[in-house]
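Contents: one structure, followed by commentary.
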Amino acid sequence: MSDLKTTAVATAQRLIDAGHTTYFAGGCVRDALLGNEPKDYDIATSATPDEVQALFPKSDAIGAHFGVILVKENKIPFEIATFRHDGSYKDGRHPESVTFSSPEEDAQRRDFTVNGLFQHPVTEEVIDHVGGLADLKSKTLRAIGNAADRFQEDALRLMRAVRFATVLDFEIEASTWQAVQDHAGLLEQISTERVRDEFTRTLVAPGRARGLDLLTESGLMRFIVPEVYALIGCEQPPQWHPEGDVYTHTRIMLDMLGGDVTPELALAVLLHDIAKPPTYTYDEEADRIRFNGHDRVGAEMADVILRRMKYSNKTIEDVCAMVRNHMNFMNVMDMRTAKVKRFMARPTFEQEMELHRVDCASSNGLTENYDFLREKEKEFAAEPLIPTPLVTGKDLIDMGLKPGPVFKKILTQVQTEQLEGHLSTREDALDFVRKTIEV
């Protein structure tokens, strides 16, 4: 038994010993039954918030109004919630009131049947009031009760439906799916940050390509990244993209990514060709489709999209760099050694390599540039890509130069010669500077 579960059981046992009906609830039960290690444990109990706090004096009444108390045991946080029945939802997110009730009623207020299961912490008996066990067995995601009511109560459940179907690889039950489509517009009620977080969790899941399809087909994407719809039906030159339109190309790339993917890489893959629709032209003379400047325009569009979604500045910077540079891979074999080293030294290079790999694998299958750079990694492995500078700005000042734009130009020239292997000592570098100044 893991330390997390051991502590969770001990925490629940204290409530049980005090005479309160107490169960593990929700996702931890679902994950354990699926054979996955729960990341956290939520505890549901008949104890009122006051009774919970009496048993755990150092607890935090983070949501006492909703019957939720935060307890820390062995530095591990647990949310302990009193069984409750929710009142009306006027803001599409939180109930106006709650009434403490029974496990049966508490299960009915939850979102999906597989999240409505309880489990006794000690005996491990599963308590199922909503048909969740059958849906777990059939890999079905089904709203509890009337799906439309569940989504109107909390519109974030629309995003959660897609995320759970993606992460668990479950099929969304027909009436639940219809309700997602019918009520997609409710997503506008939810804060950008909450939508963004669910979107990100879907994109980093191994089933992200299916997640993209579900978000797009449901209409939810119109309230997340509506620019995605323009990718559908945007034709590409068949000699380079036999796989089909830009949307098909993008979803195949997402599917080809490995399991452990950063949000930045997943977002860069999603957005790398986002500017192909607005840059689409047909070159009659060459008899081919072109997307001139789609990398540059795409980086600009990605910046707008990610800022609209309130991603961090670091995420925006990294994603935009990857989008902006993804076409530069075609030129690497013609670059001078210094330029190749600078290209490889950028902080997003390894993620860009993965983007380039799936970009090629999903289309023309050409790997020459990728293979070339992997060989260069071996060739350059013996020393830093960007070594310590042989000459500094202080050296230039000592030579009588005044700080200004010329500094950067001279220092860049010296670094280029150093990267090319033409300069290896400080003395040679200073001589090079003196000759440059004389010229």
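The values are calculated or read from the model by the stated rules, or taken from the named source; none is laboratory data. Note that the structure is a prediction, hence the values are computed from the model and not measured. Heads up, the Cβs are rebuilt from the backbone with ideal geometry, glycines too, and the neighbour counts pull from every protein chain shown. To get the accessible areas, we keep the full protein, side chains included, count just its heavy atoms, and leave off ligands, DNA and RNA. Shrake-Rupley method; radii C 1.70, N 1.55, O 1.52, S 1.80 Å.
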Val246: modelled with pLDDT of 95 or more, within 18 Å of Pro277 (Cβ to Cβ) and either open to solvent by less than 10 Å² (accessible area, probe 1.4 Å) or within 15 Å of the chain's Cα centre (by Cα) (or both), yes or no? yes
Please give the number of the condition Pro237 fails out of (1) outside any helix (DSSP H, G or I); (2) modelled with pLDDT of 95 or more. (2)
Give the residue, chosen from Asp169, Asp197, Asp128, that is in contact with a Gly (Cβ under 6 Å, 6 or more places away or on another chain) and open to solvent by 40 Å² or more (accessible area, probe 1.4 Å). Asp169
Note on region 393-432: residues farther than 26 Å from Phe380 by Cα, hydrophobic (A, V, I, L, M, F, W, C), touching a residue at least 24 places away in the same chain (Cβ under 8 Å) and not in a loop (DSSP other than H, G, I, E, B) are Leu396
Out of everything in region 13-41 that is touching a residue at least 12 places away in the same chain (Cβ under 8 Å) and of a type in the set (Asp, Glu), what residue ends up being nearest to Asn74 (Cα to Cα)? Asp40
Only one of Lys310, Lys314 is part of a loop (DSSP other than H, G, I, E, B) and among the charged types (D, E, K, R); which? Lys310
All but one of (1) assigned to a helix (DSSP H, G or I); (2) surrounded by 19 or more Cβ atoms within 10 Å (Cβ to Cβ) hold for Ala205; which doesn't? (1)
Count - residues of region 3-58 that are polar (S, T, N, Q) and in contact with a helix residue (DSSP H, G or I) (Cβ under 9 Å, 6 or more places away or on another chain): 6
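Return yes or no: is Glu354 within 38 Å of the chain's Cα centre (by Cα) and assigned to a loop (DSSP other than H, G, I, E, B)? Break it down into steps so the answer makes sense when it comes.
Numbers: within 38 Å of the chain's Cα centre (by Cα): yes; assigned to a loop (DSSP other than H, G, I, E, B): no.
Spelling it out, it is not the case that Glu354 is within 38 Å of the chain's Cα centre (by Cα) and assigned to a loop (DSSP other than H, G, I, E, B).
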Quick one: which residue in Arg84, Arg142, Arg160 is open to solvent by less than 80 Å² (accessible area, probe 1.4 Å) and closer than 23 Å to Gln181 by Cα? Arg160
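Does Leu385 meet the test of being assigned to a loop (DSSP other than H, G, I, E, B), within 30 Å of the chain's Cα centre (by Cα), modelled with pLDDT of 90 or more and buried (at least 16 other Cβ atoms within 10 Å of the Cβ)? Steps first, answer last, please.
Numbers: assigned to a loop (DSSP other than H, G, I, E, B): yes; within 30 Å of the chain's Cα centre (by Cα): yes; modelled with pLDDT of 90 or more: yes; buried (at least 16 other Cβ atoms within 10 Å of the Cβ): yes.
So Leu385 fits the description; yes.
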I want to confirm something. Restricting to region 285-307 and keeping residues that are in a loop (DSSP other than H, G, I, E, B) and within 18 Å of Leu231 (Cβ to Cβ), which single residue is most open to solvent (accessible area, probe 1.4 Å)? Asn292
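Among the residues of region 121-160, which ones are assigned to a helix (DSSP H, G or I) and among the polar types (S, T, N, Q)? So that I can check it myself, show each step before the final result.
Restricting attention to region 121-160, the residues satisfying the condition of being assigned to a helix (DSSP H, G or I) are 132-138, 147-153, 156-160.
Scanning region 121-160 gives Ser138, Gln152.
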Selected residue (only one of Asp17, Asp60 is more than 22 Å from Arg110 (Cβ to Cβ), touching a Leu at 6+ places or on another chain (Cβ under 6 Å) and either open to solvent by 70 Å² or more (accessible area, probe 1.4 Å) or of a type in the set (D, E, K, R) (or both)): Asp60
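What about Leu390, is it surrounded by 10 or more Cβ atoms within 10 Å (Cβ to Cβ), assigned to a loop (DSSP other than H, G, I, E, B) and in contact with a Ser or Thr (Cβ under 8 Å, 6 or more places away or on another chain)?
Numbers: surrounded by 10 or more Cβ atoms within 10 Å (Cβ to Cβ): yes; assigned to a loop (DSSP other than H, G, I, E, B): yes; in contact with a Ser or Thr (Cβ under 8 Å, 6 or more places away or on another chain): yes.
Yes: the conditions hold for Leu390.
Can we say Phe372 is at pLDDT 95 or above, touching a helix residue (DSSP H, G or I) at 6+ places or on another chain (Cβ under 9 Å) and open to solvent by 30 Å² or more (accessible area, probe 1.4 Å)?
When the stated conditions are applied, Phe372 passes them.
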